Amino acid sequence: MTKLTKSGQALLIVIFALSLGLVVLVGVSQRVVTTIRRTFVSNSYFKAQSAAEAGAELFLTKDTTELASLAATCQPAALYTQEGFASPLPSDCVLTLAEAKAVIGVESYPDTVAYDFTIGANSAMNVNLEGLTDSELQVCWQGVGASGGQAFASVSAVYYYKDGSDYKAARALYECDQPLNTWCTKPVVYHSAGATEVPASVGGRPCFDLSLDGEPRSISLTTLVNGSAFSIISTSALPRQGFKITSVGEVTAPDSSGLTGSISARKKVVVEKNLAPQLGPWFNFAAVSKTGSVSADN
């Protein structure tokens, strides 16, 4: 009887040891599978990010003519859906890599007679005017404070243009005749003529009219004291200022991976290619000269 009891105890110990070993083995196995899964998903996001960046870089290297054509073919609204990508996709809008792909959309801006943008305090924006045939532009601004509300802001403007062999930079400072921290409605012009009150159709913001003398190149706008939201309004279409490029990289888990086949990683990259002209040294000399003009003949 004692022998049977000892044998039973030994059997129980063996069964317990086997059970404990099985539990440990299953736990380790689950941790390994979980680690593999996490590593796969993490690597997928890195690959998707790399694919998106590669697509954006590819389009950034294209010239203006090709990007203008792609802006008609690769419109983002026609490429991306809530579920992912449209089908079929235009081949010109897809970059296929070994384990991923990127779908790239292109938009040109502006596509109307008005160009809206916002810049921070003491920051400058150079707006392309090359080829514009209008005789004048209207520039409206609205000061934006740190909290996002309306605030005082003055505007320094430099209009660059060529007049025969002369390179010219017309400088002006536009500000309000009301105290700081008061919303301005009556702009006063310094160093230049032609400032006007804004028409009611533009919403009550201060504006000035810019006379486009000679061959327009660009206008550089700097907002002082606070940031500003600008609207540049012309009669005819404004020259293209640049392209917005949206690239979405995607990696999908292969069915043979042992993981869920529907797992996918997507990453989006948005970049802009600005077309503001490089003015060169002659215009730089004009901007710092007393008269605002230098001649290439001298």
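Would you mention how many residues in region 147-169 are over 18 Å from PHE230 (Cβ atoms) and among the aliphatic types (A, V, I, L, M)?
If we filter region 147-169 for residues that are over 18 Å from PHE230 (Cβ atoms), which is where we start, we get 147, 161-169.
Now drop any that are not among the aliphatic types (A, V, I, L, M), which leaves 169.
Here the count works out to 1.
Restricting attention to region 144-166, which residues are at pLDDT 85 or above and of a type in the set (Phe, Trp, Tyr)? Within region 144-166, TYR159, TYR160, TYR161 qualify.
Of the residues that sit in region 131-150 and are touching a Leu at 6+ places or on another chain (Cβ under 9 Å) and part of a loop (DSSP other than H, G, I, E, B), which one is nearest to PHE243 (Cα to Cα)?
As a first pass, look at region 131-150 and keep what is touching a Leu at 6+ places or on another chain (Cβ under 9 Å): 132-139, 141.
With part of a loop (DSSP other than H, G, I, E, B) added as a condition, the list becomes 132-135.
Numbers: LEU132: 18, THR133: 22, ASP134: 23, SER135: 26 Å.
The residue in question is LEU132.
One residue stands out in region 123-167 among those that are among the polar types (S, T, N, Q) and in contact with a strand residue (DSSP E or B) (Cβ under 6 Å, 6 or more places away or on another chain): the one that is surrounded by the fewest Cβ atoms within 10 Å (Cβ to Cβ), namely SER165. On the basis of being at pLDDT 80 or above and assigned to a loop (DSSP other than H, G, I, E, B), does THR182 make the cut? The answer is no for THR182.
Within region 72-83, residues that are farther than 14 Å from LYS244 by Cβ sit with their Cβ atoms under 6 Å from residues that are acidic (Asp, Glu), at 6+ positions apart or across chains, in these pairs: THR73/ASP92. Applying the criterion of being within 21 Å of PHE283 (Cβ to Cβ) and of a type in the set (Lys, Arg) to the residues of region 211-251, the residue that is surrounded by the most Cβ atoms within 10 Å (Cβ to Cβ) is ARG217.
For beta carbons closer than 8 Å, sequence separation of 6+ or different chains, a first residue in region 123-152 that is within 21 Å of PRO216 (Cα to Cα) and a second that is in a loop (DSSP other than H, G, I, E, B) and hydroxyl-bearing (Ser, Thr, Tyr), the qualifying pairs are LEU132/SER234; LEU132/SER236; THR133/SER236; ASP134/SER234; ASP134/THR235; ASP134/SER236; LEU137/SER234; GLN138/SER234.
The values are calculated or read from the model by the stated rules, or taken from the named source; none is laboratory data. Keep in mind it's a predicted model, so treat the numbers as computed, not measured. Using ideal geometry, Cβ is built from the backbone for each residue, glycine included, and neighbour counts are taken over all protein chains shown.
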